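In what follows, a structure is listed as structure tokens, so that the remarks can point back to it.
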Amino acid sequence: MICETQRQMHIRSLPKGVEGFVLVDGAQVAIERRACHLGGSRAWFLCPACNRRCAILYPVRCRLCLRLHYASEHEGELDRLLRKAVNHRYKHGQQQRGIGVPLPSKPKWMRWHTYIKARKKAEVIEMQIIEGFRSKLARRARESTRALTV
Ligand SMILES: [Zn+2]
């Protein structure tokens, strides 16, 4: 199962300064506070089943106890490239998600050098996607002609 589709409780949803135990779906879950490397501290749930530190509980166990996977673990090479391209465009000023629209023009706050570099990177990623689809289609065409001749 995919963990992004499951009901979850994040440690950040708790009020600040919570210590000891909290009740999650009627079960008592311990909270551990650990010092951060650059100062301060951070709270973690302790999974009631395996005692592992985790930031997200899928009531009332951790992701590993429930054998949940991230959606990205099931992506193929083209899906990863597509997600990378969409995120890259979004990061550089595109308002809507997707790569079917022209690349966005330079945002007012961005330097020309940065914009040109980002645009070239987007073009490289999108050419990889096109090549990937092209080779996938060619492979399918070969397989279907092979199936017809046998
Ligand atoms: Zn666990």
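For the reader, a short list of remarks on this structure follows.
- Residue (of HIS10, ALA118, SER135) at the positive-pole extreme of the chain, dipole from beta-carbon charges: ALA118
- Cα-based convex hull, region 21-105, per residue volume (Å³, whole number): 173
- Gain upon complete extension [HIS37, THR149; 0.36 nm per residue less C-alpha separation]: 33.9 nm
- Loop-located GluC sites (Glu not before Pro) across region 66-150 with a Cβ neighbour count of 13 or fewer within 10 Å are GLU75, with loop assigned by DSSP.
- Cβ-derived FRET efficiency at R0 35 Å, HIS69 paired with LYS16, nearest 0.05: 0.65
- With θ taken as phi - 60° and the Karplus curve 6.51 cos²θ - 1.76 cosθ + 1.60 applied, the whole-hertz 3J(HN,Hα) list for region 109-122 is 7, 8, 6, 4, 4, 5, 5, 5, 5, 5, 5, 5, 5, 4 Hz, x standing for glycine and proline.
- Legend: translational diffusion of region 3-57 by Stokes-Einstein, Rh = Kirkwood radius over C-alpha pairs, 25 °C, 0.890 mPa s; D = 206 µm²/s.
- Amide H contacts of GLN94 (H built 1.01 Å from N, under 5 Å, at least 5 apart or other chain): none
- Per-residue ellipticity at 222 nm from helix content only, as computed over the chain with -39500 (n - 2.57) for each DSSP H run of at least four residues, stands at -12500 deg cm²/dmol.
- Amide H to amide H distances under 5 Å link VAL24 with VAL29, where only residues 5 or more positions off or on other chains count and H is placed in the peptide plane.
- Under 15 Å between alpha carbons - lysine pairs in region 26-136 that sit 8 or more apart or on different chains: 10
- Spin-label model distance (nm) - ARG97 vs ASN51, 7 Å beyond Cα toward Cβ: 4.0
- With Rh defined as the Kirkwood radius, the inverse of the mean 1/r over Cα pairs, the Rg/Rh of the chain is 1.16.
- Dipole magnitude of the chain about its Cα centre (Cβ charges: Lys, Arg +1; Asp, Glu -1), debye to nearest 20: 620
- Kirkwood Rh in Å, taken over all unlike Cα pairs in region 75-149: 14.0
- In the elastic network of the chain, a GNM with C-alpha springs shorter than 10 Å, the most mobile of LEU23, LEU46, LEU57 is LEU23.
Just so you know, all these numbers are worked out from the coordinates, no wet-lab data involved. Values in this document were obtained by computation on a predicted structure and should not be read as measured data. Note that we place each Cβ from the backbone using ideal geometry, even for glycine, and neighbour counts take in every protein chain shown.
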